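The values are calculated or read from the model by the stated rules, or taken from the named source; none is laboratory data. Please read these numbers as outputs of a predicted model, since none were measured by experiment. Every residue, glycine among them, receives a Cβ derived from its backbone with ideal geometry; neighbour counts consider all protein chains shown. These area figures cover heavy atoms from the full protein model, side chains too; ligands, DNA and RNA do not enter into them. Shrake-Rupley method; radii C 1.70, N 1.55, O 1.52, S 1.80 Å.
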Amino acid sequence: MKKFGIIGNPLGHSFSPGYFNEKFGNEGIDAVYEKYALQSITDLQAVIDYTPDLCGFNVTIPYKEKVMTYLDNISPEARAIGAVNVVKVTEKDGKKYLVGYNSDVIGFTRSIQPLIEPHHTKALVLGTGGASKAVVYALYKMGIETLLVSRYKKDNTIQYEQIDEELLKEYTVVVNSTPCGMAPHFDECPPLPYQFLTSRHLLFDLIYNPDETLFLKKGREQGAVTKNGLEMLLLQAEGAWEIWNS
């Protein structure tokens with residue numbers, strides 16, 4: 001039986017085990033998907049050594065960047081982003097050979113692409129964490145210029161208080177890559193001047209619980225096109241499956 005899994009910590013609310021084990025059952029695939037809650041990234045070697053049938057695994061917080069030093073090869077996309085969330089495990093010269101990929105790019109691109117209009121040439125990306133790196137890379141590949149927004153002063157970013165009507169006329173795509181508004185914090189949203197949003201705007205939230213965050217609700221009320229992160233999550237999972245079977 002083939003084995004797949006996820007490394008990270010904590011893994012209590014991880015989406016992947018339920019998704020993949022249901023998929024394996026429904027499609028008659030002889031495989032199992034397990035959780036590997038690592039106390040430290042150094043524990044990864046033990047998982048590799050003692051799981052001979054391991055064919056691949058997902059990587060989540062806090063190891064998307066730390067895992068990279070343990071890999072034999074990294075895809076150009078994952079290297080450019082600086083984060084890995086999928087690892088394919090094969091044999092090479094009698095040893096396990098680990099290659100890292102980033103399927104967040106696949107999921108985000110396939111999810112947002114159908115909503116992109118010709119006037120969507122610039123995007124504000126809220127947040128500067130690991131998720132934002134995949135978003136910026138995906139938008140860059142789509143030919144969309146990005147500007148990072150942070151609560152703190154950092155290089156190559158602006159702060160929320162700098163977002164005004166003029167800026168929003170120019171930046172008609174807004175992507176939330178922060179956890180702001182995620183359950184149970186339903187009454188929170190990024191501090192934007194929502195009154196300046198219009199039907200020309202596209203708001204995308206990586207959060208999928210709740211279905212409609214306050215960020216998306218405020219955008220919808222101004223006529224903006226909105227989308228949550230559920231389809232992205234499903235598409236990145238399918239992207240991982242494609243990678244493991246390629």
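So Lys23 clears everything in (1) open to solvent by less than 50 Å² (accessible area, probe 1.4 Å); (2) in contact with a strand residue (DSSP E or B) (Cβ under 8 Å, 6 or more places away or on another chain); (3) more than 25 Å from Gly129 (Cα to Cα) except one condition, right? Which one?
Here Lys23 clears every test but (2).
Only residues in the stretch 94-109 that are in contact (Cβ under 8 Å) with a residue 12 or more places away in the chain count as the first member; pair them with residues that are charged (D, E, K, R) and part of a strand (DSSP E or B), Cβ under 6 angstrom, at least 6 apart or cross-chain, and list the lot.
Val99/Lys88
Can you tell me which residue among Val84, Val135 is more than 23 Å from Tyr33 (Cα to Cα) and under 11 Å from the mean Cα position of the chain (by Cα)?
Unique residue meeting the criteria: Val135.
So which residues in the stretch 208-237 are open to solvent by 50 Å² or more (accessible area, probe 1.4 Å), in contact (Cβ under 8 Å) with a residue 40 or more places away in the chain and under 30 Å from Cys55 (Cβ atoms)?
If the condition is that a residue be open to solvent by 50 Å² or more (accessible area, probe 1.4 Å), in contact (Cβ under 8 Å) with a residue 40 or more places away in the chain and under 30 Å from Cys55 (Cβ atoms), then Glu231, Leu234 are the ones that fit.
Can you name the number of the only condition in (1) open to solvent by 20 Å² or more (accessible area, probe 1.4 Å); (2) on the phi > 0 side of the Ramachandran plot; (3) in contact with a helix residue (DSSP H, G or I) (Cβ under 7 Å, 6 or more places away or on another chain) that Gly181 fails?
Of (1) open to solvent by 20 Å² or more (accessible area, probe 1.4 Å); (2) on the phi > 0 side of the Ramachandran plot; (3) in contact with a helix residue (DSSP H, G or I) (Cβ under 7 Å, 6 or more places away or on another chain), only one is false for Gly181: (1).
Using beta carbons and a limit of 8 Å, which pairs, at least six apart or on different chains, have the first residue in the stretch 1-27 and touching a residue at least 12 places away in the same chain (Cβ under 8 Å) and the second one in a loop (DSSP other than H, G, I, E, B) and of a type in the set (Gly, Ala, Ser)?
Final answer for the pair search is Ile6/Ser14; Gly8/Ser14.
Within the stretch 119-135, can you find the residues that are under 15 Å from Asp155 (Cα atoms) and among the β-branched types (Val, Ile, Thr)?
Those that are under 15 Å from Asp155 (Cα atoms) and among the β-branched types (Val, Ile, Thr): Val125, Thr128.
When you scan the stretch 53-61, do you find a residue that is polar (S, T, N, Q), open to solvent by 30 Å² or more (accessible area, probe 1.4 Å) and without any contact (Cβ under 8 Å) to a residue 24 or more places away in the chain, even just one?
no
When only residues in the stretch 129-157 that are free of Cβ contacts under 8 Å to residues at least 12 places away in the same chain and closer than 20 Å to Pro179 by Cβ count, which is most open to solvent (accessible area, probe 1.4 Å)?
Arg151
Against the definition (hydrophobic (A, V, I, L, M, F, W, C) and either out of contact with any helix residue (DSSP H, G or I) (no Cβ under 9 Å at 6 or more places or on another chain) or closer than 21 Å to Lys133 by Cα (or both)), how does Val32 come out, yes or no?
Here the answer is no, as Val32 does not meet what is asked.
Suppose we filter the stretch 41-79 for residues that are among the β-branched types (Val, Ile, Thr) and either touching a Ser or Thr at 6+ places or on another chain (Cβ under 6 Å) or part of a helix (DSSP H, G or I) (or both); how many remain?
6
Scan the stretch 28-52 residue by residue and report those that are open to solvent by 60 Å² or more (accessible area, probe 1.4 Å), touching a residue at least 24 places away in the same chain (Cβ under 8 Å) and out of contact with any Leu (no Cβ under 6 Å at 6 or more places or on another chain).
If the condition is that a residue be open to solvent by 60 Å² or more (accessible area, probe 1.4 Å), touching a residue at least 24 places away in the same chain (Cβ under 8 Å) and out of contact with any Leu (no Cβ under 6 Å at 6 or more places or on another chain), then Asp30, Glu34, Gln39, Gln45 are the ones that fit.
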